[in-house]
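Only one structure is covered here, and it is reproduced in the block below.
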Amino acid sequence: MSEANVPLDSQKPDLVQEDRLIAMMFWPGKFRTLTCLGLLTAVLFAAFFLQQFNVVLIGILGLLATVGVFAVLAYSAGILDINSQKQDVNIFSAYADHLTDGMLITDKKGDVLYANDAYFHILRQPREKVVATVEGSFSGDPSIAEPLYRLCQAAIQLRDWEEEIYIEDADKGLDETSEAGSSGFRWLRISVRPLYAKEKTAQASGVVWRLTDITLERGQRDLEYKELTNAVYQFDQAPVGFFTFNGLGELSYMNGTLAGWLGMSSRPTEGSDIHSILPAEGVQLLLQSLTPYSSLRSVQYYDLLCADGSTISTILYGRPHGETAYHDAELSPEDMHYGVLALKAEDAPQLFEPQRMTEMRLEQFYHSAPIGIATIDGTGQISNANGSFRILLGQGVDGQSSTDNLFELIGAEEAVALKAALDSAAEGNAIIAPVDVKFNLNGQRSGQLYFSPARDMAEAGAVAIIYAIDTSKQRTLEEQFAQSQKMQAVGQLAGGIAHDFNNVLTAIIGYCDLLIGSHRPTDPAFKDMMHIKQNANRAASLVRQLLAFSRQQTLRPEVLSINDVIKDVTAMLSRLLGEKIDLKVDHGRDLWEVKADHHQFDQVIINLAVNARDAMVDGGTLTLKTQNIAEHHSLDEEKRGLKPGEYVLLEITDTGSGMPESLIDKIFEPFFTTKDIGKGTGLGLSMVYGIVKQTDGYIYVDSEEGVGTTFKIYLPRHVRDVTQIETAKPLPVEEKPKDLTGSETLLLVEDEEAVRSFAVRALSTRGYNVLEANSGVDALSVVERHDGPIDLVISDVMMPVMDGPTMLTHLRKTMPDVKVIFISGYAEDAFEKNLDENDHFQFLPKPFSLKQLAAVVKETLQKN
């Protein structure tokens, strides 16, 4: 068993002298011996090869004799100490054998050079000539094989390492000085480090092993741990509640007593929001009182929120703790920590006098008021503010304001009105006009301020009591309503224009078809006619975009996955974006289904992608990301008008030039564009807006100049009925009729003469007998005068006096089975609600071509 495999600090300062002492014992004496042996060998080698040169040999021997004489004289004078090595050994032995730690010194190969007395004592081994290594001493215990392996590897690699191991005491009960006591087990700390004879930068000369018996130390640590655990348990079960949180409003601890009071099955995890147990006003009061260097103090009589939605009345005490309590410098919110003690209010009468209880209850009424209340002096300095007022100012764990001067939080024009109100209050006037202000907190908060003179507070410097009503939500709703009204008005105008244009375009396209049908391709006028038709079709495309914006186009919704839609258009987007723009797609996992028109949603993605491409002139990245949005996450966008619910989110983000905030509210308006003249119609984003809205979705824009733009599209989650899933079958593919002629009798009702004239000619040339009428009333008269059956009624929807659906209702009385085709420049949904649910009809949107009209007529007649 082992613990604490921790590398040692490299060559600690107190080990340097120890290394030098060890080096003196082993290596200097050896160096002197080797030097003498080398010199003797050199002399003998020279004598052997130069024995014929007696003169040289005699000279060398004479030199050695001279050195010897000088050595004797030096020894006599005490200059030369032949016994220095022996003295070094004695010094080191005296040092090592008095250590309580066992020490073992080996060379780099692992051969033992020295072991002190404590080494044998700790290992419970007698001192012998052959000293066992640490690895050899513990090789029979498999429970410590891993830490021994790590230590040996460190020794081989000449690096520091340390382990703590738990072993059975081989000498238990026999050694009275043993630290093991009566347990029969011991804790040993074993460390290994390289030995440096000179400096740290030099090559290691060997390895030093050190063994320390830490049984008593571990016992003390275990005892301290048990005492700490017991203290934590006692604190956790104390008769008072306790919790801690940081400057971000994240709970870091809650004791069991408080969790029990609040009815929590489990304690809040670290990082949980403090607002889950304490209302925003209460958080403001805590932060207001918990300042650095403050002592433990009662905050107020307040209600905590329970898990089941009920409340429990408590009295809160609190103070900063840790560095927060004694730090003068500013700390980041996550580094600020606070501790709060809670007492049940029902126990308070036993602790406080009745007068203090009354004061605390009044404080509760004041601080829990839904409107902001504070006092203010003539310079705008706020004091005695309750929680609601500080929330309005944007102060608190998630606030953006740290000032208490109201003039610094509002605009210049509002400051003039505020100054006038304060001057009026200072003069004692009781009737002061309220002031509407918008706080400089990214424009997110606004309020209406009421004033009354502070006659009894003049000594404290206050001139007025100020009452603030938060109008942020009201202002947001008003702005959203105004924007919605504007878009609706523009949409109605666009829809009306589109309807009139559709009538004109139907006539133009229809007569072009008649002319093209009567001319050959070789005719000089044929090309001109084709140009007229092509431009009419372009105009028809613009009209469809207007209808899309006004939400008056016909949609064919189906259940689909946005991921599948993106996959279908990815290849097209790659071609549209070009090589300079990188397309990235992040598909959300297990994405929910939505109900939308597949073709129209293709257009949404394509239009937004093209818009992003034009914003990235020098290239960039376009990212398409999808994800599910749970209901509680949808609340994040509630301030922008998103209704709480489950949604599928599509984010389209570019790294383009971005837009200023002043343009964001205008980009969805028809014909509004920031592009150069001739480079855009201003209808692309309008069409996107209309399609998303007609699909019951929401679209929002986040943009920053120089950074890029993100379009967020929220589509409601569609949950299929189980029975529908089981019985769903693929729809049969209907073949379009090839023969577009016929001989049936048709009734054509159209108030636009040009459209009616073209349609009559087109159908008559196909062999049909066509009866025509210019209104619903006229159609009823034609039916009444006509003898014989009418096989099909083709009618416009919007007509004067009597519209198409009303006319059909009257016709059903005499011709209940007659087939009907409605033609209109408006969407099918615009009039479908005026018909009976079981009334079946075909729909042909304007503008249409001659061939489309003939095909729909033939198809309708062939249906049973």
Of the conditions (1) open to solvent by 10 Å² or more (accessible area, probe 1.4 Å); (2) modelled with pLDDT under 70; (3) in a helix (DSSP H, G or I); (4) in contact with a strand residue (DSSP E or B) (Cβ under 8 Å, 6 or more places away or on another chain), T257 clears all except one; give me its number. (2)
Considering region 745-777 alone, what residues qualify as being over 18 Å from K858 (Cα atoms), open to solvent by 30 Å² or more (accessible area, probe 1.4 Å) and of a type in the set (V, I, T)? V777
For the list (1) at pLDDT 75 or above; (2) open to solvent by less than 70 Å² (accessible area, probe 1.4 Å), I need the number of the one condition that K527 fails. (2)
So, in region 582-613, exactly how many residues are open to solvent by less than 40 Å² (accessible area, probe 1.4 Å) and among the aromatic types (F, W, Y)? 1
The correct count of residues that are out of contact with any strand residue (DSSP E or B) (no Cβ under 9 Å at 6 or more places or on another chain) and on the phi < 0 side of the Ramachandran plot in region 787-829 is 12
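Among the residues of region 503-533, how many are assigned to a loop (DSSP other than H, G, I, E, B) and over 22 Å from S757 (Cβ atoms)?
Residues flagged as assigned to a loop (DSSP other than H, G, I, E, B) and over 22 Å from S757 (Cβ atoms) within region 503-533 amount to 4.
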For region 110-120, give me the residue count where each residue is of a type outside the set (F, W, Y) and either touching a strand residue (DSSP E or B) at 6+ places or on another chain (Cβ under 7 Å) or at pLDDT below 85 (or both). 5
P147 is checked against (1) closer than 27 Å to G219 by Cα; (2) open to solvent by less than 70 Å² (accessible area, probe 1.4 Å); (3) without any contact (Cβ under 8 Å) to a residue 40 or more places away in the chain and fails just one. What number does that condition carry? (3)
Being more than 32 Å from the chain's Cα centre (by Cα) and at pLDDT 70 or above is true for just one of Y338, Y326, Y317. Which residue is that? Y317
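Table: residues versus (1) open to solvent by less than 70 Å² (accessible area, probe 1.4 Å); (2) at positive phi; (3) at pLDDT below 85; (4) in contact with a helix residue (DSSP H, G or I) (Cβ under 7 Å, 6 or more places away or on another chain).
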site: P660; (1), (2), (3), (4): yes, no, yes, no
site: I664; (1), (2), (3), (4): yes, no, yes, no
site: T673; (1), (2), (3), (4): yes, no, yes, no
site: L685; (1), (2), (3), (4): yes, no, yes, yes
site: V688; (1), (2), (3), (4): yes, no, yes, yes
site: D696; (1), (2), (3), (4): no, yes, no, no
site: E704; (1), (2), (3), (4): no, no, no, no
site: G708; (1), (2), (3), (4): yes, yes, no, no
site: I713; (1), (2), (3), (4): yes, no, no, yes
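The values are calculated or read from the model by the stated rules, or taken from the named source; none is laboratory data. Just so it is clear, the model here is predicted, and its values are computed rather than measured. Glycine also receives a Cβ, built like all others from the backbone with ideal geometry; neighbour counts cover every protein chain displayed. Accessible surface is based on the protein model in full, side chains and every heavy atom, while ligands, DNA and RNA are left aside. Shrake-Rupley method; radii C 1.70, N 1.55, O 1.52, S 1.80 Å.
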